[in-house]
1. Once you place label points 7 Å from the Cα toward the Cβ at residue 180 and residue 107, how far apart are they in nm?
2. Please state the equivalent ellipsoid semi-axes for the range 24-74: what are the square roots of 5 times the Cα gyration tensor eigenvalues, largest first, in whole Å?
3. Any idea what the relative contact order of the range 12-56 is, in percent, if you count C-alpha pairs under 8 Å spaced at least 6 apart?
4. Give me the distance in nm between label points sitting 7 Å out from Cα along the Cα-to-Cβ direction at residue 249 and residue 161, one decimal.
5. Using alpha-carbon positions, what is the distance between the centroids of the range 207-231 and the range 161-205, in Å?
6. Cut-off 10 angstrom, C-alpha nodes, Gaussian network model of the chain. Which of 231, 120, 137 fluctuates the most?
7. Most mobile of 107, 26, 139 per a Gaussian network model of the chain (Cα springs, under 10 Å)?
8. Over the chain, one equal point on each Cα, no solvent: what is log10 I(q)/I(0) by the Debye formula at q = 0.07, 0.12, 0.13, 0.17 Å⁻¹?
C-alpha cells in the first residue's frame, strides 16, 4: 500500500518545506555505494545490492506520490560488465526479481516503465521481464520510471550520431539541418524532459558517463549517504536544496 499526499477529498498535502508547484519534472539518480554499505557491515556485496533495491522501491513511491513526472535511475552501466561475473549475474537476477515482484503494484499505481540503453546484451530472462513490464504499463499516465540498463552516455551519443549519419547517407537529412533538437530526438530520452535534478549518493563527485548530453543544465546534489541508506527524507531534502537554487541556464539574475 503506497502512502499518498492526497486525502479522500483529493486535497494535496505538501511535505514540509516542499513547494509542489516547483517540483523538478525529471529527477535522475546515480545510485552508488551498495558494495561499501555491505563492506561496512561485514556482508557480501550482494547484500548491499539487495538493500539497494529496497531504497529504489521507496524512492519510486515518493516520486509517484509527489507528482514527479520522470525518475531515471542508473541501474547498470556499460562499464559495469567489468565487475566479477558472479556479481553481474546477481545484479541481473535482482532486476528480474524486482520486476516480477513489483510490476503489478507499479501498474496499479499508474507508473509507466521505460528503459534506455542496449538491452540486447542483457540475459534473455531480464529482457523478457523488461518487455513485459514496458508493454503492460505503456499506457499509464503517472510517474515514468526510466531504467538505465547497459547504458553509457558516450555510447548513447555515438548511437545518435550513427542514426543521423544514416539519415544523411539516405538523403533524408542535410548536414546543415543537424541541430540540438535533431540530436536530442535521436537519444534514448526522446520525448522526455532533460533532468532538472541529478542526485548522486556516496559523496562521489563525478558523472560516471551518465546522461552527458541531457545533464547540460541540471542541478546536482551530492549526498554522503550510501545508496541503501537513501530514504524518502533524503530525497525530499535534495528537492528542497533544488528549490533553493536559481536556475539561469547561462543567463543572469533578472533582478
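The numbers here are math on the coordinates, done by the rules we state, and not lab data. Since we're looking at a predicted model, the values are computed, not measured. Please note: Cβ atoms are built from the backbone with ideal geometry, for glycine as well, and neighbour counts cover all protein chains shown.
1. Distance between label points: 3.9 nm.
2. 26, 10, 7
3. 24 percent
4. Result for the modelled spin labels: 2.6 nm.
5. One Cα centre to the other: 19 Å.
6. Result for the chain, Cα springs under 10 Å: 120 fluctuates most.
7. Checking each option, the largest mean-square fluctuation is seen for 139.
8. -0.26, -0.76, -0.89, -1.46
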